[in-house]
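Worksheet for the structure shown next.
The values are calculated or read from the model by the stated rules, or taken from the named source; none is laboratory data. Since we're looking at a predicted model, the values are computed, not measured. We place every Cβ from the backbone using ideal geometry, glycine too, and count neighbours over all the protein chains shown.
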Amino acid sequence: MMITVLNAPATSGRPADSLRGPLFRRRNPVPLFSLASRLLLTFATLGLLLSPGGSSLQAQEEFEQAPIHYGTTPTTDQAALLDKKLASGEAKLEYDSRHGYLPSLLKLLDIPVSSQGLVYSKTSLQIRRISPQTPRAIYFNDDTYVGWVQDGSSIEIMSTDPVQGQIFYTLDPEQTDQPLLARDHGQCLACHATSRTLKVPGVLIRSVFVDNKGQRQFGTGEFSVDHRSPFKERWGGWYVTGTHGDMRHLGNVILQKQDDADEVDRDAGANIVDLTRRCDLSAYLTPHSDLVALMVLEHQGQMHNYITLASYEGRMSDHYDGIMNAALKRPADHVSDTSRRRITSAGNKLLRYLLFADEFRLTAPVRGTSDFTREFAARGPRDSQGRSLRDFDLQTRMFKYPCSYLIYSAAFDSLPEGVRTHVLTRLHAILTGEDQTEEFAHLSADDRLAILQILKDTKPDLWKD
């Protein structure tokens, strides 16, 4: 499996202006147009960004225009906040002789070491340094991801801004008096703003077939993965530690011949709890590539994408209505039918994923090898009965209470009012049993009641009376 959220190019030491590729060059002021021309331009803009057939390049160009302004809007993601603290001296990165700034960076970002996943596919910027013998390490918490490679040219960071989605950074691993983060200015979006990320700046996680050098084998197929993906399609190119009964995945194995993808020996990579015979683990912070952590990573990445999609759609719809309402002298708060449909569509997609519709059903119990399961659940919050949306099931599904913990995130709270109202109104109807549509039939009456009670206890302002 490839997670390319961390493919930001090394930018340390280069002038900021030189980093602005053609996707992010500043445009000259637009001359005044007639009203008709403005409306035509607005429709064209919306079509490029929101049309399913629009290209990645077109979408990226629109991110720099109103109302998104991806590359120029100040961000408040955790990496940006840390960089400010580093610049002011409020925070300091400590250098470790073995792992450089990695341990200190994880500590300052509050990312648990137990989240470590090891990737041996050459699917990162630093492909020459990645192999089955020297995998890349991925670490994450609810909103930030860090990638580290042995003797790498940079530490890669992706951090979730509550409004703008995923923001990419690098940190020079060389010891210096004042290490700072460098933000990528558009190159990463060539891969991270495509149909695979719902055409927003997002997380991309794929499963690929690789050879004994970690080289991806083109022509053998690949899978974009999240919690809906069958086990048999997951983790190609990743080490996986944990037990999963008779279920099989693509982790821990390599493709012997380019054309034998259908013959890959999944049994050889199944139920592995010790990687010492596969690579030298002494260079890493932990010997694990925990199965449960990888499952959470898959869910979380796509959840971030759906939240960002809903945010962008809501903001674009508001922008569109603002122009049209002024042109047609309608009330400023008028919501067009087009915007209602767009908001409803994005909101419903978010809601389905939030509530784990179409989740792959486990046919055997799953168990990791590190402290991740315990540490993740301990982050709470918990209701008056001690229940949390972070409690695992791992028998037939991932979580005991199937509602994403990212409902607590700043990104969810920052959704535009129209999208947020739609999602919360329908969520309440589903959890109270008023909405009994087939797409949420996987939620039992007990599931709905438990989730409703947990949310009312732990996020009491979610629904205002």
Legend entry - Matching residues, the stretch 345-387, being closer than 18 Å to Val296 by Cβ and part of a helix (DSSP H, G or I): Tyr353, Leu354, Phe372, Thr373, Arg374, Glu375, Phe376, Ala377, Ala378
Inset, instruction - From Thr243, Thr276, grab the single residue that is over 30 Å from Gly100 (Cα atoms), in contact with a Pro (Cβ under 9 Å, 6 or more places away or on another chain), modelled with pLDDT of 85 or more and of a type in the set (Ser, Thr, Tyr). - result: Thr243
Inset, instruction - Would you confirm whether any residue within the stretch 105-118 is at pLDDT 95 or above, assigned to a strand (DSSP E or B) and crowded, with 24+ Cβ neighbours inside 10 Å? - result: yes
Inset, instruction - Can you tell me which residue within the stretch 171-199, out of those that are among the polar types (S, T, N, Q) and surrounded by fewer than 24 Cβ atoms within 10 Å (Cβ to Cβ), is farthest from Leu109 (Cα to Cα)? - result: Ser195
Legend entry - Selected residue (criterion: farthest from Thr144 (Cα to Cα)) from residues of the stretch 269-312 that are of a type in the set (Ser, Thr, Tyr) and either in contact (Cβ under 8 Å) with a residue 12 or more places away in the chain or assigned to a helix (DSSP H, G or I) (or both): Ser282
Inset, instruction - Please tell me if Ser289 is among the small types (Gly, Ala, Ser), at pLDDT 95 or above and either more than 24 Å from Lys199 (Cα to Cα) or not assigned by TED's automatic domain parsing to the domain that holds Tyr139 (or both). - result: yes
Inset, instruction - Take the stretch 164-176 and flag every residue that is of a type outside the set (Asp, Glu) and either touching a residue at least 60 places away in the same chain (Cβ under 8 Å) or part of a strand (DSSP E or B) (or both). - result: Gln164, Gly165, Gln166, Ile167, Phe168, Tyr169, Thr170, Leu171, Pro173, Gln175
Legend entry - Hits in the stretch 409-442 - residues which are over 18 Å from Gly347 (Cβ atoms) and under 25 Å from the mean Cα position of the chain (by Cα): Ala410, His442
Legend entry - The listed residue being closer than 25 Å to Asn305 by Cα and hydroxyl-bearing (Ser, Thr, Tyr), out of Tyr101, Tyr70: Tyr70
Legend entry - The lone exception for Asn305 - which of (1) under 17 Å from His422 (Cβ atoms); (2) modelled with pLDDT of 95 or more it fails: (1)
Inset, instruction - Would you check if Leu198 is closer than 23 Å to Met295 by Cβ and in contact with a His (Cβ under 7 Å, 6 or more places away or on another chain)? - result: no
Inset, instruction - Go through the stretch 316-329 and give me each residue that's farther than 28 Å from Thr160 by Cβ and part of a helix (DSSP H, G or I). - result: Ile323, Met324, Asn325, Ala326, Ala327
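Conditions tested, residue by residue: (1) crowded, with 22+ Cβ neighbours inside 10 Å; (2) in a helix (DSSP H, G or I).
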position: Gly314; (1), (2): yes, yes
position: Pro331; (1), (2): no, no
position: Val335; (1), (2): no, no
position: Thr338; (1), (2): no, yes
position: Arg342; (1), (2): no, yes
Inset, instruction - Go through the stretch 216-255 and give me each residue that's more than 24 Å from the chain's Cα centre (by Cα) and not charged (D, E, K, R). - result: Gln217, Phe218, Gly219, Thr220, Thr243, His244, Gly245, Met247, Val253, Ile254, Leu255
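Results for (1) in a helix (DSSP H, G or I); (2) at pLDDT 85 or above; (3) within 21 Å of the chain's Cα centre (by Cα), shown as yes or no for each residue.
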site: Leu39; (1), (2), (3): yes, no, no
site: Thr42; (1), (2), (3): yes, no, no
site: Leu46; (1), (2), (3): yes, no, no
site: Ala66; (1), (2), (3): no, yes, no
site: Tyr70; (1), (2), (3): no, yes, yes
site: Leu82; (1), (2), (3): yes, yes, yes
Inset, instruction - Scan (1) acidic (Asp, Glu); (2) out of contact with any Lys or Arg (no Cβ under 7 Å at 6 or more places or on another chain); (3) under 18 Å from Ile127 (Cβ atoms); (4) modelled with pLDDT under 85 for the single condition Asp260 breaks and write down its number. - result: (3)
Inset, instruction - Answer yes if at least one residue in the stretch 247-263 is in contact (Cβ under 8 Å) with a residue 40 or more places away in the chain, within 28 Å of Ile157 (Cβ to Cβ) and touching a Phe, Trp or Tyr at 6+ places or on another chain (Cβ under 7 Å), and no otherwise. - result: yes
Legend entry - Selected residue (criterion: farthest from Tyr284 (Cα to Cα)) from residues of the stretch 139-163 that are assigned to a strand (DSSP E or B) and over 13 Å from the mean Cα position of the chain (by Cα): Glu156
Legend entry - Failed item, numbered, when Phe412 is tested on (1) part of a loop (DSSP other than H, G, I, E, B); (2) surrounded by 14 or more Cβ atoms within 10 Å (Cβ to Cβ): (1)
Inset, instruction - Mind listing whichever residues of the stretch 77-88 are more than 19 Å from Thr144 (Cα to Cα) and in contact (Cβ under 8 Å) with a residue 24 or more places away in the chain? - result: Ala87
